[in-house]
Protein chains: 6
Amino acid sequence: MRAYHRGFDQLRPVTLTRDYLKHPDGSVLIEAGETKIICTAMIEDKVPPFLKGTGKGWITSEYGMLPGSTQARKIRESTRGHIEGRTQEIQRIIGRTLRSVVDISALGERTIWIDCDVIQADGGTRTASITGSFVALAIAINKLFEKKKIERFPISNLVAAVSVGIVDGQIMLDLCYDEDARAQVDMNIAMTDDGRFVEVQGTGEAAPFSRRQMDELINLADKGIQELMALQIDCLGEIADKIGGRK
Amino acid sequence: MRAYHRGFDQLRPVTLTRDYLKHPDGSVLIEAGETKIICTAMIEDKVPPFLKGTGKGWITSEYGMLPGSTQARKIRESTRGHIEGRTQEIQRIIGRTLRSVVDISALGERTIWIDCDVIQADGGTRTASITGSFVALAIAINKLFEKKKIERFPISNLVAAVSVGIVDGQIMLDLCYDEDARAQVDMNIAMTDDGRFVEVQGTGEAAPFSRRQMDELINLADKGIQELMALQIDCLGEIADKIGGRK
Amino acid sequence: MRAYHRGFDQLRPVTLTRDYLKHPDGSVLIEAGETKIICTAMIEDKVPPFLKGTGKGWITSEYGMLPGSTQARKIRESTRGHIEGRTQEIQRIIGRTLRSVVDISALGERTIWIDCDVIQADGGTRTASITGSFVALAIAINKLFEKKKIERFPISNLVAAVSVGIVDGQIMLDLCYDEDARAQVDMNIAMTDDGRFVEVQGTGEAAPFSRRQMDELINLADKGIQELMALQIDCLGEIADKIGGRK
Amino acid sequence: MRAYHRGFDQLRPVTLTRDYLKHPDGSVLIEAGETKIICTAMIEDKVPPFLKGTGKGWITSEYGMLPGSTQARKIRESTRGHIEGRTQEIQRIIGRTLRSVVDISALGERTIWIDCDVIQADGGTRTASITGSFVALAIAINKLFEKKKIERFPISNLVAAVSVGIVDGQIMLDLCYDEDARAQVDMNIAMTDDGRFVEVQGTGEAAPFSRRQMDELINLADKGIQELMALQIDCLGEIADKIGGRK
Amino acid sequence: MRAYHRGFDQLRPVTLTRDYLKHPDGSVLIEAGETKIICTAMIEDKVPPFLKGTGKGWITSEYGMLPGSTQARKIRESTRGHIEGRTQEIQRIIGRTLRSVVDISALGERTIWIDCDVIQADGGTRTASITGSFVALAIAINKLFEKKKIERFPISNLVAAVSVGIVDGQIMLDLCYDEDARAQVDMNIAMTDDGRFVEVQGTGEAAPFSRRQMDELINLADKGIQELMALQIDCLGEIADKIGGRK
Amino acid sequence: MRAYHRGFDQLRPVTLTRDYLKHPDGSVLIEAGETKIICTAMIEDKVPPFLKGTGKGWITSEYGMLPGSTQARKIRESTRGHIEGRTQEIQRIIGRTLRSVVDISALGERTIWIDCDVIQADGGTRTASITGSFVALAIAINKLFEKKKIERFPISNLVAAVSVGIVDGQIMLDLCYDEDARAQVDMNIAMTDDGRFVEVQGTGEAAPFSRRQMDELINLADKGIQELMALQIDCLGEIADKIGGRK
């Protein structure tokens, strides 16, 4: 039996706490079972060099884990002196996913910094970071829109993400740390609210997987993502109505 | 008038939430007004090279601020590529302060890692880190003691810290960020429960201060620290009784 | 019309030159159109700390691009002072893919270092690195086997990789740089010779993609990978016969 | 008996050698017993970004120890790859102390770089650095003043610093290395010539200290600092007369 | 007997392959026996800060070794985190040597980046890098000249380099790795086509050398360099005719 | 006319001050005109990994410049974050030169650290570092010998170094900074007391030089080095008699 008495096709209990911090333009605490992540969005009035003078904006993301977030103390990357490959991979995927549903040409020359800081880790931190930071981003963008700093609401779709995998031969939704550690196949999927894929990343290091298995994994992820989007809509309230195709 | 309708000699509302995270051996969320810090203590069964073979333990501390904890986004030290002088100064003072009340020769060859991560900053983060991490440390040490891994309870005194300063010519207790930013004199004081000083750090960069002013600042700090220790005792419950001279 | 007069479902001309360098245990020059990569495998008689004493071996990979390999000079990562996220991502995927078809418990406590150095880049460097370095790896492992340093031939399957994508609305196999730069969807797929997936990484930053599009992309990758494996078998000669399920 | 036949309330012999180097705008060799430090002040015609366009100047400080300055060879921080916390702490305190007696708004947009390089270390390097670099700074500022690059002489007070401590239960002035290494309490104090405090940094890691002990330590420091200022005045000659409140 | 049946005064077989890569402005593969180096020249339309506004150009060089180029795998400098002293020395000597025969005031404000990447190492990589990169540089400069971006052909002389040494008491030309590793004296010499010296670097760490030995070493180097220049002229074709004093 | 009323073939006034610092095993202040360098030798009872278990010792060197040693403030390499190529080159040449006259197999498993720190720079710092650090090294080795920690005195020859160059067409000995900055040819030569060469490094970046010019430069260096060795012998006193071939 899985923790929280859940079946193989069920998510852990998920909550989204809006406006968790006072300084950022948008902030959310996402809790998925024991996994807890602070997601923030902060707007800066300048863009990276490659966008200067284009009138376009940018969305970029950083990810970190507190030393006390893991079973064995996580050494700070500042102490270690370099940013790990895993961290970089996660940062890049969060940034790409969020940019896929925002028209950055409507942001003006602004950068929106997304920070996902894991307070407590129990598997699924990269997908929960995406699901939570989308909400923080929408709140921050809405402030720009309400203050009339941008002319139109530039988010076309909701986006959320979930992990799926094969553990002891069993296909499962939303793996916690113990399940993830012994998974043969591990897949992270990000989708929009019209059922299209933004990111599909599957790896079968411990055991390559068949076409049929991949299809089942994707079906399960699709189900989970729809449930997460219901929570995002709930949390965003009327902001959700402004997202393209929803009003 | 100061925020929270407080007088010049009053602390902000302070709360200590015990066992805030599940993985560390001890953890506390300290909130002092809008300042919020996660303090954790994690035990590792080895010591730094200079203590190997001595039978003694060690207590060391690291400090960090989340990017979203400040008004303008705080750049990660891992991205910046080096640890700032301010961070190093704070880390060293936390470590020294905690070691001053623990008999490290009774810890065995263990390192206790103290991590103070600022979730939200509004002044006084270094002193709140000391006050909070003392509690996390006592909880962790108590676990060693309860599991009979150490023979005696090695903490001799409570220790807590507070800031005082001179703002617009007025002596004040527990400065919030706005007060701190325009202070002429800034002093951080850590004391034990028998009224002795562990750290006294005062700086009058904007205006040197007189002996009489220093005396008043210290009196005010003493008052504030006594109040903080009442909260520490409350939070620690029966663990507090094991601390030297208290049972 | 695509370069080399090829159709949307055709690979660029690919050649594999075996034993390209004299020092490594295995080496291959892979050329896919204008993309040229030196892949080497070098055996070291020790393993990373987490495997010490387990009797198991390890396979790890590093990737680099020569400054002259790209249109605009590529700044050296040693000069830049850190390894880029993209490089780390590629290194990790090459390592995972190769390990998925090797029984590392049969290697003894040895590390096989895979290095993929791009001499000239024209798209598809990460997938060509996988295809080429599998051959270099098999040659190096065969040397261990021929010298009777390992008891059985530990490779279970061929593995190769290819890119597919959607460019101007058209699904295409094996994108060159110009196609990749304007692709809406970019997918890299690694498969074994029995048609199972080791890595599936698809991203639709510029335009999310539908389930039907994903299915077509995967079909096309499957076709391309089968052709690449014919070349691998050719290049490996009798070594190919020792790979699990092939003799 | 202490070295140099001195009593507990006596300084070591101190000498200040003016214009020790030819390139800097101001330079002093300070010798306090066996401790020898080269202090230099160099003027640069630009300011850090946060002061650009304000018309204000800046004073900043760096500190280093030669490899041969200590009993066991001191590893270079350039080789070590990072600047130690202790170094950063010292650099920050020197800069703050000097700025406290200079009206930086009268400097124009110039940075004065203070460098304190320890040639030989025998305790008290941070306080000797302050005492010596104040003199180097005054010489450099006087050059600006003599060349009429600044309109008024912007130094309001002399500033000097000394260490005090409790060693084997005895309160002592100006600790040498052997005394410092076994001190229970260690305090560094910087004062102006009108008896006000600029920095008070006391730490009782080995044994917290009482209010009465702190008072005695401060009295002793006050006495030592007055003696050091007599030497500063001697060394500065007529420049000393230009310092605020002295002419 | 030396490899390739050569006498003590003979070069290894040397080949220069022009236009080895498609992206750089000039590129050459130089092979000297088993030593193989890709030399490229890439033009950038800006100069380092110290030349801005002077109208002058710059030539700078970087050098690297592939991990698979050496017997024991060469750790990447990007992984190691710093650039080795040996690498820096070689980079500086290549840059100085090439600049000695080019009138940089005729280049306009352009930087020519020279990259020498060792594909396979068997001794003499620094001198082969000079000989090969001169050809790559001349090709790149000729492109500027043919496109009329510069008014006159700014190369005054051919330059090439070779190693000489004393091995087991015997003076030898063009040392391969095994010879170099047991040499008592090691000398690298770069000369122009009119017999003048650009660089002379001799070291007798294992055994200081006499004036007479130095004279013999230089005579031998002179002979070798003349042969290398014949190959450079051959490879450059009509570009060689444009080099000062040759048309 | 050159400074110090010297002719083209004359050294600047040179002094060697023995035992300049108290902590190192050997120390010398060398002054050559305005150039002043502290050279120290410190013995450590271990060797680098490549010598462990061989019974041999090692001599290694580091070089640095104080920020106040140069006209424009020299940025610390610890602040800059990396060690410059020039510094590495100098460190390597000092180490090689000293090792060439010491039988490291007679040192036991010890490392002698040579540190050359430039207090004031006016040209010729690398050659003065060699001349001065040889003396510091001999003093340190003599201590080992006097304490009977090594069986025989392992230094075979004196070694010293000087710069020569061509400035405005004139061949000159011992260039000061102003001469060096406008030199066409710059050559640094280290020789033993029996007239053999340890290092010859000549560069004609600004103008290649002829064979005849090189001969004259070497003659001049030889003359200067003999004068420097007389000073070394004077400074070393009876230690000089123990150096091979001198007693």
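The values are calculated or read from the model by the stated rules, or taken from the named source; none is laboratory data. Since the structure is predicted, the reported quantities are computational estimates derived from the model, not experimental observations. With ideal geometry, Cβ positions are generated from the backbone for all residues, glycine too; neighbour counts draw on all protein chains shown. Note: areas computed on protein heavy atoms with side chains; ligands, DNA, RNA excluded. Shrake-Rupley method; radii C 1.70, N 1.55, O 1.52, S 1.80 Å.
Data overview
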{"quantity": "Residues located in segment B:99-114, provided they are among the charged types (D, E, K, R) and not in a loop (DSSP other than H, G, I, E, B)", "calculated": "B:ARG99"}
{"quantity": "Selection status of F:ARG99, touching a residue at least 12 places away in the same chain (Cβ under 8 Å), charged (D, E, K, R) and out of contact with any Asp or Glu (no Cβ under 7 Å at 6 or more places or on another chain)", "calculated": "no"}
{"quantity": "Lone unmet requirement of (1) within 23 Å of C:ILE30 (Cα to Cα); (2) outside any helix (DSSP H, G or I); (3) basic (Lys, Arg) for C:ARG96", "calculated": "(2)"}
{"quantity": "Selection count where residues are open to solvent by 30 Å² or more (accessible area, probe 1.4 Å) and either facing chain E (nearest Cβ under 9 Å) or in a helix (DSSP H, G or I) (or both), scope segment F:62-87", "calculated": "6"}
{"quantity": "Of residues in segment B:113-166 being of a type in the set (Asp, Glu) and modelled with pLDDT of 95 or more, the one farthest from the chain's Cα centre (by Cα)", "calculated": "B:GLU146"}
{"quantity": "Selected residue (criterion: nearest to the other protein chains (Cβ to nearest Cβ)) from residues of segment D:88-113 that are touching a strand residue (DSSP E or B) at 6+ places or on another chain (Cβ under 9 Å) and small (Gly, Ala, Ser)", "calculated": "D:SER100"}
{"quantity": "Single condition A:GLU34 does not satisfy, out of (1) buried (at least 20 other Cβ atoms within 10 Å of the Cβ); (2) within 7 Å of another protein chain (Cβ to nearest Cβ); (3) modelled with pLDDT of 95 or more", "calculated": "(1)"}
{"quantity": "Count of segment A:21-40 residues which are assigned to a loop (DSSP other than H, G, I, E, B) and within 17 Å of the chain's Cα centre (by Cα)", "calculated": "2"}
{"quantity": "F:ILE239 being in a helix (DSSP H, G or I), facing chain E (nearest Cβ under 8 Å) and open to solvent by less than 20 Å² (accessible area, probe 1.4 Å)", "calculated": "no"}
{"quantity": "Candidate set from segment E:41-61 (those that are over 12 Å from the mean Cα position of the chain (by Cα) and in a strand (DSSP E or B)); member that is farthest from the other protein chains (Cβ to nearest Cβ)", "calculated": "E:TRP58"}
{"quantity": "Identity of the residue in segment E:186-215, outside any loop (DSSP other than H, G, I, E, B) and of a type in the set (Ser, Thr, Tyr), that ends up nearest to F:ALA161 (Cα to Cα)", "calculated": "E:THR203"}
{"quantity": "Lone qualifier among E:PHE209, E:PHE197 - being farther than 30 Å from F:TRP58 by Cβ and aromatic (Phe, Trp, Tyr)", "calculated": "E:PHE197"}
{"quantity": "Selection within segment F:111-123 - open to solvent by 20 Å² or more (accessible area, probe 1.4 Å) and touching an Asp or Glu at 6+ places or on another chain (Cβ under 6 Å)", "calculated": "F:ASP122"}
{"quantity": "Every residue from segment E:167-178 that is under 20 Å from the mean Cα position of the chain (by Cα) and open to solvent by 40 Å² or more (accessible area, probe 1.4 Å)", "calculated": "E:TYR177"}
{"quantity": "Residues (of a type outside the set (A, V, I, L, M, F, W, C) and under 11 Å from A:ARG211 (Cβ atoms)) located in segment C:185-200", "calculated": "C:GLY195, C:ARG196"}
{"quantity": "Test for D:GLY108: is it open to solvent by less than 40 Å² (accessible area, probe 1.4 Å) and under 18 Å from D:VAL162 (Cβ atoms)", "calculated": "no"}
{"quantity": "Lone unmet requirement of (1) part of a helix (DSSP H, G or I); (2) away from chain F (no Cβ under 12 Å); (3) buried (at least 18 other Cβ atoms within 10 Å of the Cβ) for E:LYS223", "calculated": "(3)"}
{"quantity": "Some residue of segment E:89-97 being open to solvent by 30 Å² or more (accessible area, probe 1.4 Å), in contact with a Lys or Arg (Cβ under 7 Å, 6 or more places away or on another chain), within 24 Å of C:ASP117 (Cβ to Cβ) and modelled with pLDDT of 95 or more", "calculated": "no"}
{"quantity": "Filter pass, F:THR35 being in contact (Cβ under 8 Å) with a residue 40 or more places away in the chain, of a type in the set (S, T, N, Q) and closer than 21 Å to F:GLN120 by Cα", "calculated": "yes"}
{"quantity": "Among residues of segment F:186-212, those that are more than 7 Å from every other protein chain (Cβ to nearest Cβ), buried (at least 24 other Cβ atoms within 10 Å of the Cβ) and closer than 19 Å to E:GLY195 by Cα, counted", "calculated": "1"}
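Per-residue answers, yes or no, for (1) assigned to a helix (DSSP H, G or I); (2) open to solvent by 50 Å² or more (accessible area, probe 1.4 Å); (3) touching a residue at least 24 places away in the same chain (Cβ under 8 Å); (4) not hydrophobic (A, V, I, L, M, F, W, C):
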residue	(1), (2), (3), (4)
B:GLY132	yes, no, yes, yes
B:ASN142	yes, no, yes, yes
B:PHE153	no, no, yes, no
B:ASN157	no, no, yes, yes
B:ASP180	yes, yes, yes, yes
B:GLN184	no, yes, yes, yes
